[in-house]
Amino acid sequence: MKDTNLTESIDAMTPQKISARHVNVHYGETHAIKDVSVDIAANTVTAFIGPSGCGKSTFLRCLNRMNDTIDTCRVTGDIRIDDEDIYDRKVDPVQLRAKIGMVFQKPNPFPKSIHDNVAYGPKIHGLARNKAEMDDIVEDALKRAALWSEVNDRLDAPGTGLSGGQQQRLCIARAIATAPEVLLMDEPCSALDPIATAQIEELIDNLRQSYSVVIVTHSMQQAARVSQKTAFFHMGSLVEFGETDRIFTAPEDPRTESYITGRIG
Ligand SMILES: Nc1ncnc2c1ncn2[C@@H]1O[C@H](COP(=O)(O)OP(=O)(O)OP(=O)(O)O)[C@@H](O)[C@H]1O
Ligand SMILES: [Mg+2]
């Protein structure tokens, strides 16, 4: 990464929520992430873009220690949320993932009711004292995920019975029900039609009021529409990072330009 870009991000008025420095990831012999340093700002949508296999999902998973669940995976470097080392031995990964929620490419509701999908996290973390409080949490999360009006008359129906776009909004509701501070989304719209995609994009823009959002996407249009910051990854390295408008109009690195104009990928 060029120093000018780093300065650009650090100089920005928005406070940093997550700061990653010199992160390397290996899967056995494969060096998947190579010395990546990046800042994720508060109340900002940051897009991770780059060709397939460049390490976007791997790096995203470093941010809430999801890579801990992969045996061969080794993460080194320094990643902090609000200046707290997320890899510190006293950090509980389960608590961390409530604070740094994740939404996956394929909607993956639990085989439970719509209500219980959303109530699952708050229950584990003891966020409600009684049923009324839990119902309020569930309603609020479904409203913020723009799903309430479509499901409020069938909260006891199985989550898996919803349409793909509704299931993805249910997974977003489930992720925000634990009141996370950061939401990581790995290609959340890739299985959705343009209408559901537009709904999720609008939702992402609203979520920015309360959270930092990091979204991996293969769609340049989507990155340009929803994000304020863009990070371009290539072969495990962070090639360029900065304001989305600038990355798409005046990329500094020829590899970024080739990718956004469709010459590599
Ligand atoms: N569980 C794993 N075990 C071994 N190698 C892995 C694993 N997950 C990813 N890799 C390797 O790490 C590198 C980065 O993969 P990653 O999934 O992060 O890429 P990506 O940018 O998300 O790609 P895509 O756009 O296709 O989702 C690739 O070489 C991949 O083969
Ligand atoms: Mg991926």
The correct count of residues that are over 23 Å from Cys189 (Cβ atoms), of a type in the set (S, T, N, Q) and assigned by TED's automatic domain parsing to the domain that holds Lys17 in region 220-253 is 1
Unmet criterion (only one of (1) modelled with pLDDT of 95 or more; (2) of a type in the set (A, V, I, L, M, F, W, C); (3) closer than 22 Å to Thr46 by Cβ) for Ala145:
(1)
Counting only helices (runs of 4 or more DSSP H) entirely within region 167-258, those with at least 2 residues that are touching a strand residue (DSSP E or B) at 6+ places or on another chain (Cβ under 7 Å) and at pLDDT 95 or above are 220-226, 244-249
Take the residues of region 123-139 that are under 22 Å from the mean Cα position of the chain (by Cα) and at pLDDT 95 or above: which is surrounded by the fewest Cβ atoms within 10 Å (Cβ to Cβ)?
Ile137
Counting only residues that are in contact with a helix residue (DSSP H, G or I) (Cβ under 9 Å, 6 or more places away or on another chain), away from ligand 1 (no atom under 16 Å from the Cβ) and more than 13 Å from Arg97 (Cβ to Cβ), how many does region 180-201 have?
8
Kindly state which strands (runs of 3 or more DSSP E) lie completely within region 34-153 and contain at least 2 residues that are within 16 Å of ligand 2 (Cβ to nearest atom).
45-49, 100-103
For region 92-107, how many residues meet the condition of being within 16 Å of ligand 1 (Cβ to nearest atom) and not basic (Lys, Arg)?
4
Consider Pro107 carefully, then state whether it is modelled with pLDDT under 95 and over 22 Å from Lys17 (Cβ atoms).
yes
Which condition breaks for Tyr120 when tested against (1) within 16 Å of ligand 1 (Cβ to nearest atom); (2) under 29 Å from Val226 (Cα atoms)?
(1)
May I ask you to list pairs of residues, at least six apart or on different chains, whose Cβ atoms are under 9 Å apart, with the first in region 186-206 being without any contact (Cβ under 8 Å) to a residue 40 or more places away in the chain and hydrophobic (A, V, I, L, M, F, W, C) and the second being in a loop (DSSP other than H, G, I, E, B) and more than 16 Å from ligand 1 (Cβ to nearest atom)?
Leu192/Pro107; Ala196/Ser163; Ile200/Ala146; Ile200/Leu192
Mind listing whichever residues of region 61-80 are out of contact with any helix residue (DSSP H, G or I) (no Cβ under 7 Å at 6 or more places or on another chain), more than 12 Å from ligand 1 (Cβ to nearest atom) and under 25 Å from Arg174 (Cβ atoms)?
Leu63
Among the residues of region 154-166, count how many are surrounded by 12 or more Cβ atoms within 10 Å (Cβ to Cβ) and part of a loop (DSSP other than H, G, I, E, B).
5
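The values are calculated or read from the model by the stated rules, or taken from the named source; none is laboratory data. Note that the structure is predicted; figures quoted are calculated from it, not measured. In this analysis, Cβ positions are derived from the backbone assuming ideal geometry, glycine residues included, and neighbour counts consider all displayed protein chains.
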